[in-house]
1. Would segment 297-365 count as rounded, prolate or oblate if I go by the C-alpha gyration tensor, calling it rounded below 1.5 in a/c and otherwise prolate when a/b exceeds b/c, oblate otherwise?
2. Quick one: which of Lys168/Lys262; Lys71/Lys282; Lys168/Lys296; Lys301/Lys362; Lys60/Lys277 span more than 31 angstrom between C-alpha atoms?
3. Just rank Cys123, Cys284, fewest to most, by other beta-carbon atoms within 10 angstrom.
4. What is the gain in length, in nm to one decimal, between Glu222 and Glu241 on full extension, counting 0.36 nm per residue of separation less the C-alpha to C-alpha distance?
5. When a footprinting reagent is the concern and you count Cβ atoms within 10 Å, what order do Leu224, Leu49 take, fewest first?
6. Rounded to whole Hz and in sequence order, give me ³J(HN,Hα) for segment 286-297 from the Karplus expression 6.51 cos²θ - 1.76 cosθ + 1.60, θ = phi - 60°, writing x for Gly and Pro.
7. Within 14 Å, Cβ to Cβ, of Gln54, how many net charges do the neighbouring residues add up to if Lys/Arg are +1 and Asp/Glu are -1?
8. Going by C-beta contacts inside 10 Å, put Met83, Met124 in order with the fewest on the left.
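We did not get these values from a lab; they are worked out from the coordinates using the rules stated. No experiment lies behind these values; they were computed from the predicted model shown. Methodologically, a virtual Cβ is constructed for each residue, glycine included, from the backbone with ideal geometry; neighbour enumeration extends over all protein chains shown.
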Amino acid sequence: MRSIRFVRPRLFGLTLVAACLGLPTLAMPSHASTLTKAVRTSESMEPALSFPEQEQNAAKKLADLRARTGKAPNIVWLVIDDMGWGDPGVYGGGAAIGAATPNIDRLAAGGFKLTSTYSQPTCMPTRSAILTGRLPVHTGLTRPILAGDTLAKNPWADEISLPALLGKAGYTTVLSGKWHVGEAEGMRFDEFYGYYPAQKELSQAFDKRRYPDLVLNPERLEMLRATGASEALIHAFKDGETKEIQQVRGMEDVAEADRILKEFTLAKSADLAQSGKPFFLKHCFMKVHADSFASKAFEGKSGSKHPYKDAMVEVDAYVGEIIQALDEAGVLENTFVFVTSDNGPQLDSWPDSGYTPFRGAKASA
């Protein structure tokens, strides 16, 4: 399944692992022990491919960057839910299919388009792979965990996750937006602000348009509530403190979720920039996962006027605001910015469907 991924830095090209960790082992041996902890060997696994020259070049450029800025580079990872490969303008979508994406297109034009990167076919497997560098078959997160599901064990109990590794290297780690990576315990982000479930799980208790057999059936609705599914905006910290900020009470709350999350990320970006420490900020949009309900301010703002297209315009605008916030805080040139979808578009839910020129879509193997 092809997904869309960009990385912003105009300065140089380097391997994804080196960029994510910000821990070049060749030029900065003091960090080698931290990086080494992420390496595991097993008789059942193929040996990792080694590219010494590429790794040396990446390490040198990262060392030069650190010498100029005085600290390791920041990492901002923006994950757009269910965006199709062909939705942004850079790949032929954008205004041509009814939803201009100037901010995403600008990032792609000024950075790298990682067109040989492949995702998992659904949400949670991709998100776990991003945070572990491992195939979901090894973490056990091979499909989305939904309301009522239980896990035999916490998959993060014995995983080396990216936030945990970066935390040991002196990074402040923050996740805002959609969680959806299994158990809440053990991921080791310093701070989380967002929703545990997916957009669809938030809206299914309210959206009579798509789920009339659930919303209008009190008995079935009570069964959903009995699963303990969370419909709250959560603010949680690594020390165990967890607060419910507000409950999602209707479609208006669902529509405004990304705006609220964006405001948190903008404020947090400024705080992190002032801290003097490198940071890893992962912002996971709820949109453009079905069901599509754009914020009130973006209703009808796309060329097509359809809800999905309005949601694409909204997400693109927020991408631009986040980049602007990093720039205004003076940290943009020392920040790797990744933009990616988690999987292909959901094609069976018109008018909430994305676009792709490929045969497969979300949930295709």
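1. Verdict is oblate for segment 297-365.
2. Violating the 31 Å limit, Cα to Cα: Lys168/Lys296.
3. Final ranking by Cβ density, sparse to dense: Cys284, Cys123.
4. 4.0 nm
5. Listing Leu224, Leu49 from fewest to most nearby Cβ atoms yields Leu49, Leu224.
6. My calculation for segment 286-297 gives 6, 7, 9, 4, 5, 8, 9, 9, 5, 4, 3, 5 Hz in order.
7. Its environment carries a net charge of 0.
8. Met124, Met83
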